[in-house]
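Structure first, then comments.
The values are calculated or read from the model by the stated rules, or taken from the named source; none is laboratory data. For clarity, every value in this text was computed on a predicted model and none was experimentally measured. Because the Cβ atoms are built from the backbone with ideal geometry, glycine has one as well, and the counts that use them run over all protein chains shown. Accessible surface is based on the protein model in full, side chains and every heavy atom, while ligands, DNA and RNA are left aside. Shrake-Rupley method; radii C 1.70, N 1.55, O 1.52, S 1.80 Å.
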Amino acid sequence: MITITMPALSPTMEEGKLAKWLVKEGDTVSAGDIIAEIETDKATMEYESIDDGTVGKLLVSEGQEAIKINAPIAVLLEEGEDKAALASFKTPEAPPAPAAGGDTAKPDKRAAPAPVAAAEKPSVQGTKSGARIVASPLARRLAAQNGLDLARIAGSGPHGRIIKRDLDGAQPMAAAAPAGAKTAAKPAANELALFAEGSYEVVAHTPMRKTIARRLTESKSTIPHFYLTVECDLDGLLEMRQTLNARAPKDEGAYKLSVNDFIIRASALALKRVPEAHASWTDAGLLRHKHADIGVAVSIEGGLITPIIRHADAMGLAEISNAMRDLAERARVRKLKPSEYEGGTFSISNLGMFGIREFSAVINPPHSMILAVGAGEQRPVVRNGALAIATQMSCTLSCDHRVVDGVLGAQFLNVFKGFIENPLTMLL
């Protein structure tokens, strides 16, 4: 028998929802067949089988939430086995998932084999690429007996195969709650005492909201934030945008530039111009980034997600515009792949379309800066000693003081402001 477990489909995922089964008990499946849709904290993703067999038992029902990583969700019968083999099957406990933000030296997020009876064969599924853990039968058996997580062990055998000697010194996994167990927290009694009974309803936290709460709490408690604000004149940019959109082709290569597209382009170029600010903090040393991968916050139902424009410094305005439109559309229906929203080197949060004049954003680790963009609005300004009217936009940069000092942050903002106020320089 092959035990199929809940995969870790993203680094921030601690539990998932079985949104939909695409197979039923008795169906024959082959490696590569899509067997289920899994809803993570950020997206709904298709889950492929990496084994051949017959679906013997579905252990969780459609719509079940809070399924822990590595918890068994189904059993496949191998060739020569029938349903009678299920009589001896015992649902194993799920090994604990790696803690979010844990060991960055081993980014492998594969699900680990649960400790199972000798008659069962764990199927280790759940890397982003769908690869399996390669290990010898003896290593698998010893790992199961000793509670070792094969996903955290480097193999020294042929093609990275894990063999017996690789288990020496490996630490056993901590005990985990039984599969399917829910730990829904209730508001503390002293909190409820502040409100009259019947004056509220308790709305359970979604996986996305819990992830947002955890990551932003981590950010504010570990990253020393400071903030810098500049006012950018937009009149030249708005005029150029209107001209470029009027000249856009109507068929192939069509585009419709937004102010946000210019902001993405200006941010990417400013990161290239001020490379000392284009870095991330790690205890081992600063990571100096070679490419500007710009994350742009997109509001979706229940929270937000930050799709990444990869290598934005090498893209033109039209390419950025079309890429951002595609990512935003797929983000809102939760169809992004993890590679499209994980990582990045810099973030932008734009609330200008809601009339927000100015705000400060929370840094999104592992980034060291995030740019909060306010509304473009006509304001009185003094030019050459005379009062005038100009369209201005307030931009506030949140900086990680471990990486970016005040002068360095100011240099970045000045370069950014120069691109925004002289948009022709973005085309050079």
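Remarks
- Qualifying residue in region 297-304 (condition: within 21 Å of the chain's Cα centre (by Cα), open to solvent by 20 Å² or more (accessible area, probe 1.4 Å) and over 25 Å from Met393 (Cβ atoms)): yes
- Of residues in region 257-267 being over 23 Å from the mean Cα position of the chain (by Cα) and among the hydrophobic types (A, V, I, L, M, F, W, C), the one surrounded by the fewest Cβ atoms within 10 Å (Cβ to Cβ): Val259
- Members of region 285-314 found to be of a type in the set (Asp, Glu) and closer than 20 Å to Ala361 by Cα, listed by number: Asp293, Glu301
For (1) open to solvent by 70 Å² or more (accessible area, probe 1.4 Å); (2) at negative phi; (3) modelled with pLDDT under 95; (4) not polar (S, T, N, Q), each residue gets a yes or a no:
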| site | (1), (2), (3), (4) |
| --- | --- |
| Leu194 | yes, yes, yes, yes |
| Tyr200 | yes, yes, yes, yes |
| Arg209 | yes, yes, yes, yes |
| Ile223 | no, yes, no, yes |
| Leu238 | no, yes, no, yes |
| Tyr255 | no, yes, yes, yes |
| Leu269 | no, yes, no, yes |
| Ser280 | no, yes, no, no |
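- Qualifying residue in region 310-332 (condition: assigned to a strand (DSSP E or B) and in contact (Cβ under 8 Å) with a residue 24 or more places away in the chain): no
- From the options Ile38, Ile69, residue that is touching a Lys or Arg at 6+ places or on another chain (Cβ under 8 Å) and either closer than 23 Å to Arg209 by Cα or small (Gly, Ala, Ser) (or both): Ile38
- Residue that is farthest from Ala266 (Cα to Cα), among those in region 348-363 that are of a type outside the set (Val, Ile, Thr) and not in a loop (DSSP other than H, G, I, E, B): Phe354
- Boolean, Pro122 is outside any loop (DSSP other than H, G, I, E, B), open to solvent by less than 90 Å² (accessible area, probe 1.4 Å) and modelled with pLDDT under 60: yes
- Lone unmet requirement of (1) modelled with pLDDT under 85; (2) over 30 Å from Glu301 (Cβ atoms) for Leu76: (1)
- Scanning region 30-38 turns up no residue that is touching a residue at least 60 places away in the same chain (Cβ under 8 Å), buried (at least 22 other Cβ atoms within 10 Å of the Cβ) and either more than 19 Å from Ser61 (Cα to Cα) or not charged (D, E, K, R) (or both).
- Qualifying residue in region 390-411 (condition: assigned to a helix (DSSP H, G or I), more than 26 Å from Ser299 (Cα to Cα), touching a helix residue (DSSP H, G or I) at 6+ places or on another chain (Cβ under 9 Å) and open to solvent by 50 Å² or more (accessible area, probe 1.4 Å)): yes
- Here the condition is being closer than 18 Å to Lys337 by Cα and assigned to a strand (DSSP E or B); of Ile38, Ile73, it holds for Ile38 alone.
- When the residues of region 157-186 are filtered to those that are open to solvent by less than 50 Å² (accessible area, probe 1.4 Å) and in a loop (DSSP other than H, G, I, E, B), the one that is modelled with the highest pLDDT is Ile163.
- Members of region 282-301 that are of a type in the set (A, V, I, L, M) and either in contact with a strand residue (DSSP E or B) (Cβ under 7 Å, 6 or more places away or on another chain) or modelled with pLDDT of 95 or more (or both): Leu286, Leu287, Ala292, Ile294, Val296, Ala297, Val298
- Any hit, region 2-14, residues being open to solvent by less than 10 Å² (accessible area, probe 1.4 Å), in a strand (DSSP E or B) and touching a Leu at 6+ places or on another chain (Cβ under 6 Å): yes
- Within region 284-295, residues that are closer than 21 Å to Met315 by Cβ have Cβ atoms under 6 Å from residues that are open to solvent by 50 Å² or more (accessible area, probe 1.4 Å) in these pairs: His291/His311; Asp293/Arg310, counting only partners at least 6 apart in sequence or on another chain.
- Flag not set for Asp82, criterion: of a type outside the set (Phe, Trp, Tyr), more than 15 Å from Gly16 (Cα to Cα) and either in contact with a helix residue (DSSP H, G or I) (Cβ under 9 Å, 6 or more places away or on another chain) or modelled with pLDDT of 85 or more (or both).
- Residues of region 364-385 classified as under 21 Å from Ala277 (Cβ atoms), touching a residue at least 60 places away in the same chain (Cβ under 8 Å) and either of a type in the set (Asp, Glu) or not in a loop (DSSP other than H, G, I, E, B) (or both), total: 3
- Only one of the numbered conditions (1) in contact (Cβ under 8 Å) with a residue 24 or more places away in the chain; (2) within 24 Å of Val259 (Cα to Cα); (3) not aliphatic (A, V, I, L, M) is violated by Ser280, and that is (2).
- So Ala114, is it of a type in the set (A, V, I, L, M), more than 23 Å from the chain's Cα centre (by Cα), surrounded by 15 or more Cβ atoms within 10 Å (Cβ to Cβ) and modelled with pLDDT of 85 or more: no
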